[in-house]
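The values are calculated or read from the model by the stated rules, or taken from the named source; none is laboratory data. Predicted model only: the values in this text are computed from it and were never measured. As a convention, Cβ positions derive from the backbone with ideal geometry for all residues, glycine included, and neighbour counts pool all protein chains shown. Areas reflect the complete protein model, heavy atoms only, side chains present, ligands, DNA and RNA absent. Shrake-Rupley method; radii C 1.70, N 1.55, O 1.52, S 1.80 Å.
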2 protein chains.
Amino acid sequence: MEKLFGGIEAGGTKFVCAIGTGPDDIRAETQFPTTSPDETLARTIAFFRTHSVDERLAAVGIATFGPVDLNPQSEHYGFITDTPKPGWSQTSFAKVIEAELGVPTGFDTDVNGAMLGEHRWGAAQGLENAVYLTIGTGIGGGALVNGRLLHGLIHPEMGHVMLPPREGDPKPDGNCPFHGNCFEGMASGPALEAKWGLRAEHLPRDHPAWELEAHYLAVALHGIICVLSPQRIILGGGVMNQTHLFPQVRKKTLESLQGYVQHQALLSRIDRYIVPPALGKRAGVLGALALAQDALDSRRRRSS
Amino acid sequence: MEKLFGGIEAGGTKFVCAIGTGPDDIRAETQFPTTSPDETLARTIAFFRTHSVDERLAAVGIATFGPVDLNPQSEHYGFITDTPKPGWSQTSFAKVIEAELGVPTGFDTDVNGAMLGEHRWGAAQGLENAVYLTIGTGIGGGALVNGRLLHGLIHPEMGHVMLPPREGDPKPDGNCPFHGNCFEGMASGPALEAKWGLRAEHLPRDHPAWELEAHYLAVALHGIICVLSPQRIILGGGVMNQTHLFPQVRKKTLESLQGYVQHQALLSRIDRYIVPPALGKRAGVLGALALAQDALDSRRRRSS
């Protein structure tokens with residue numbers, strides 16, 4: 001019997017839940033606003049119960065906003081920890097879903113979920129090392145290293161590496177409340193608005209904001225390439241809907257690296273090195289489905 | 001019969017070769033200056049032939065300066081590629097050693113070798129995720145992710161992430177010929193000398209150079225923590241012989257992160273999070289021995 005999986009994309013403003021086996025086979029899907037934890041998790045559980053009466057789910061995956069506790073040995077494993085989102089700090093999430101639905105439950109960051117979805121079905125298929133960055137209200141990154149997701153001590157926080165301010169930046173100190181001129185403080189949607197007084201989607205294409213934005217993205221990618229040496233970088237998130245950014249970011253990343261990283265993937269195929277997500281806006285919920293598949297595989301390995 | 005391994009630490013100024021099984025059991029060791037590739041590799045091969053007549057080596061490991069080609073599918077696998085070191089560009093290294101000595105040969109960067117040595121016998125024992133940085137004539141980094149060395153597209157070049165210059169820096173543009181104010185251009189031994197006109201070892205302990213050096217190290221570690229989320233960071237290399245840097249770097253790294261990464265390993269045990277190499281100057285050659293062990297294991301897995 002074919003296995004059905006459940007995916008939960010848990011965002012700060014909305015939840016997306018889906019049942020299926022992959023991008024071409026979604027049997028049911030819903031979305032609703034993120035309100036209180038009690039109400040939101042209750043709606044999530046109700047969706048999966050209603051839609052899996054006949055076809056029992058084999059596993060569920062959660063790709064969530066954070067920060068989160070991903071350490072399986074921790075008593076707070078599966079929690080959303082100290083989040084600025086009102087009401088959600090110290091919310092037990094994965095264990096509640098697992099207990100209520102009675103199936104193996106995968107749990108990871110939204111960006112690691114998207115990275116895994118792109119690896120299984122999208123722009124990182126067949127690669128062992130890749131990075132997925134979302135450039136939107138915040139900036140976050142997920143990474144695949146030697147074919148597996150990177151967690152480490154907690155999980156990456158790629159939006160918070162420090163960037164050198166460039167001359168002519170109207171707000172060189174950035175707007176991250178923690179770090180000022182970090183990547184997120186210099187290049188997120190709110191950082192763009194703080195610099196130029198207009199929301200990103202209202203900035204015309206020939207506005208100098210975009211040249212500066214491409215510059216900061218390039219310097220950040222330069223750093224990520226030097227630390228992680230990915231085989232491909234996928235750029236998603238609302239700001240990257242400005243698709244004219246891609247050629248500028250590619251050109252400026254090469255200029256910033258100054259030929260130091262000698263590999264044809266960069267030197268002659270940069271248009272296939274820095275790319276948009278193949279799954280588009282569906283990377284999140286499909287990533288959650290991929291996390292569900294992995295949770296089942298991992299459960300099987302442990303019990304065999 | 002106990003297995004003996006050979007280790008080659010190939011540096012830009014000297015080679016160190018050793019035969020043994022680990023830090024407490026080195027049967028023979030030698031070092032000689034790095035001259036031409038032909039002469040240097042001939043001395044290397046002669047050392048292992050002379051000292052392994054009775055006890056045949058099971059494998060050899062090479063931890064080398066670079067850049068190098070680590071892709072086993074590449075026709076230039078095991079080469080030193082485009083290095084500024086005269087005479088060494090496009091030198092076939094691993095294949096020559098493997099052919100001449102007739103044993104499985106591991107090949108990696110000097111810093112990945114040191115990372116592996118510290119994982120097997122030193123400061124990263126029992127960890128799955130760690131970083132080894134050398135701060136000396138150059139700056140380089142090796143990383144362990146999910147228990148395995150990180151290679152990716154080529155290998156990390158952690159010394160070349162860009163850093164924001166700080167006010168009061170006498171040379172805010174840095175001295176890296178490729179990137180100016182990258183980590184290496186701001187904080188290597190030669191960068192210190194370019195800023196202050198004195199070699200690092202001649203700068204007195206109360207010189208303002210050290211406060212600024214600790215600042216740049218901290219901002220770079222902040223970035224590496226945000227991208228790789230290591231469980232521990234090991235700082236080696238000549239500049240770190242100034243051991244008074246460690247407490248300053250720890251304090252400034254916490255200040256730079258501003259409490260954003262919530263984990264007790266950082267918040268309350270930073271003195272065990274940013275540490276010197278437990279193997280000290282022997283991390284390199286012992287790392288090469290560890291690479292030899294892994295080369296044998298990997299050969300066995302492939303043939304079983």
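As a fraction of the 1.4 Å probe accessible area of region B:123-276, surface on carbon and sulfur atoms comes out at 48 percent. Under the criterion of Cα pairs below 8 Å and six or more residues apart, the relative contact order for chain A equals 22 percent.
Accessible surface buried at the A:B interface totals approximately 3700 Å², computed with a 1.4 Å probe on protein heavy atoms.
Distance from the Cα centroid of region B:262-304 to that of region A:1-65 is 41 Å (rounded to whole angstrom).
Each other copy holds its own label point for B:Ser304; taking that point as 7 Å from Cα along Cα to Cβ, the gaps run 1.7 nm, nearest first.
Compared with the direct C-alpha span, the chain from A:Gln31 to A:Asn146 gains 38.0 nm at full extension, assuming 0.36 nm per residue.
Taking a straight Cα-Cα cut-off under 23 Å and skipping sequence neighbours fewer than 8 places away in the same chain, the lysines within cross-link reach of B:Lys14 are B:Lys85, B:Lys95, B:Lys281. Here's the picture: charge each Lys and Arg Cβ at +1 and each Asp and Glu Cβ at -1 in the protein assembly as shown, and of A:Leu101, A:Val249, B:Ile270 the one pushed furthest to the positive end of that dipole is A:Leu101. Per-residue ellipticity at 222 nm from helix content only, as computed over chain A with -39500 (n - 2.57) for each DSSP H run of at least four residues, stands at -11000 deg cm²/dmol. Give me the log10 of I(q) over I(0) for region A:171-262 at q = 0.19 Å⁻¹, as the Debye formula computes it from C-alpha points; what are the numbers? Log10 I(q)/I(0), no solvent term: -0.90. Taking Cα centre as origin and charging only the Cβ of basic (Lys, Arg, +1) and acidic (Asp, Glu, -1) residues, the dipole magnitude of the protein assembly as shown rounds to 580 debye.
Taking all protein chains together and rolling a 1.4 Å probe, A:Cys182 ends up with roughly 0 Å² accessible.
Accessible area per residue for the protein assembly as shown, computed on protein heavy atoms with a 1.4 Å probe, is 41 Å². Placing a label point 7 Å from Cα along the Cα-to-Cβ axis, B:Gln264 is separated from the same position in the other copies by 5.1 nm, shortest listed first. Take every pair of alpha-carbon atoms less than 8 Å apart whose residues are at least six positions apart; their mean separation over the length of region A:123-276 yields a relative contact order of 25 percent. Measuring r between the beta carbons of B:Glu2 and B:Ala42 and using R0 = 22 Å, the FRET efficiency lands at 0.15. For the residues A:Val96, A:Val16, a 1.4 Å probe over the protein chains yields an accessible-area ranking, largest first, of A:Val96, A:Val16.
Full extension of the chain between B:Glu193 and B:Ala265 gives 22.6 nm of extra length, using 0.36 nm per residue less the Cα-Cα distance.
For B:Asp294, A:Asp108, A:Asp69, the ranking by accessible surface with the largest value first comes to B:Asp294, A:Asp69, A:Asp108, using a 1.4 Å probe.
Take B:Pro172, push a point 7 Å out from Cα through the beta-carbon direction, and compare it with the same point in every other copy: 0.6 nm, smallest first. Across peptide B:227-235, the mean count of Cβ atoms from other chains lying within 10 Å of each residue's own Cβ comes to 5.
Considering only A:Leu291, A:Leu150, A:Leu198, the Gaussian network model of chain A with Cα springs below 10 Å gives its largest mean-square fluctuation to A:Leu198.
log10 I(q)/I(0), Debye, Cα-only chain B, no solvent, q = 0.10, 0.11 Å⁻¹? So the normalised log intensities work out to -0.55, -0.66.
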